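Worksheet for the structure shown next.
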Amino acid sequence: MNNGARGAVAICLTLFGLVACDADGQRAAQPSPPAAAVVSRDSAATGDPYRVVTVAAGGRITGRVTIDGRPRRDTVVASTADQSWCGAAPRVKLVEGSGDRVAGAVVWIQDLRAGKPLPLVRRYDLIISRCAAQPMVLAAVAGGMLDVRNRDPIEHRTRFLSGASTLDVVDESDAGQVVPAAAVLAHPGLVEVRCDLHPATHGWIRVFDHPYFAVTGRDGAFRIDSVPPGTYRLAVWQPALGERDVTVKVEAGRAADVRVALPAQH
C-alpha cells in the first residue's frame, strides 16, 4: 500500500469510525442486514418494542393525501459551486404531486406495536442527481442499509442529521459511485439530508421500527396492508406541509378508505 492509499484509509477511519475501506479510501459495500426484530431506543425504554404476531383476518388502510389551498412557491437556492452542473439558481420543489394530490407524504400507524413481519429487503437507495436528492422523501426500516448513489461527475459531501447531531457524512467525487451508510438507518426517527457543498441538495428520511407505513405516489395514494382489526391513529407528514393525525377504524378483512387534506401553510 502506498502512502496515498494509506492516508485515505486513515481519513476514512477518522471520519466514519471502524468501517471497511478499500485502497482508495472508499467504504467497502456491506451485505444487507438480516431481517431481525428491531427495537427503538424509545420503545425499549417504555418496554414496548414491536412484536411480530400472526394477523388473522387483517384489514387494510387505503387513501389519498391532498393539499388544502395553494402551496408555497418552490424555493430558489443560489449555487456557490458547480453552477455549470447544478445551475446558478436551482429550484427546490417543496411539494410534489399532481393537481391537489401530494406525492412524497409519509403515512404511518402511530400506535400499532404488534403485527405483520418486518420486510425481508431492507436496502434503500438515495440518488444524488443534478444536485438534487431523489427521492426527496424516503421511508425505511431501522437496521437497514442506505446506498448513497452519485450520478453527478462532481464532488458531493452528503450529511445526514438527526436534529443537530450528524449521523454520517458521505463523500463522493465521481458519477457512478455508491457508498453504503448503515449508521443513517440505525435508529427510528427523522433524518435530514443535506450536502455541505450544494445547498439545493435537501431531503428527508423517516425511519421506523415497524412495517406499518407507506409513502404516497404522484397521485397522492397510499396503501397499508395486513392491519389487525382495531381503531388507530394514522399520521400523515410532508416536510413543507407539516403533520396531521386522523383516527381510522379497521375491520377484519375490509379496507378502510381515508382522505387526508394537509394545509397549504403550517
Tell me which residues, restricted to region 232-255, are among the small types (Gly, Ala, Ser) and touching a Lys or Arg at 6+ places or on another chain (Cβ under 6 Å). Ala255
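If you check Val65, Val55, Val77, Val38, which single one turns out to be touching a Gly at 6+ places or on another chain (Cβ under 7 Å) and at pLDDT below 85?
Just a single option satisfies the conditions, and that option is Val38.
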Scanning region 152-183 residue by residue, the ones that are over 17 Å from the mean Cα position of the chain (by Cα) and not in a strand (DSSP E or B) total 10
I'm checking my understanding of the structure. Among residues of region 124-162 that are farther than 15 Å from Val178 by Cα and touching a Pro at 6+ places or on another chain (Cβ under 7 Å), which one is surrounded by the most Cβ atoms within 10 Å (Cβ to Cβ)? Cys131
What pairs can you find where one residue is in region 175-198 and at pLDDT below 95 and open to solvent by less than 10 Å² (accessible area, probe 1.4 Å), the other is of a type in the set (A, V, I, L, M, F, W, C) and outside any loop (DSSP other than H, G, I, E, B), and their Cβ atoms are less than 8 Å apart, with a gap of 6+ or different chains? His198/Cys86
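Of everything in region 113-123, what is modelled with pLDDT of 95 or more and open to solvent by 10 Å² or more (accessible area, probe 1.4 Å)? Give them in sequence order.
Listed by number, the residues that qualify are Arg113, Ala114, Lys116, Pro117, Leu118, Arg123.
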Going through region 184-203 one residue at a time, which ones are more than 30 Å from Val258 (Cβ to Cβ) and either polar (S, T, N, Q) or assigned to a strand (DSSP E or B) (or both)? Arg194, Cys195, Thr201
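The values are calculated or read from the model by the stated rules, or taken from the named source; none is laboratory data. All values reported here derive from a predicted model rather than from experimental measurement. Every residue, glycine as well, gets a Cβ built from its backbone with ideal geometry; the counts of neighbours run over all protein chains shown. For accessibility, only protein heavy atoms count, side chains too; no ligands or nucleic acids. Shrake-Rupley method; radii C 1.70, N 1.55, O 1.52, S 1.80 Å.
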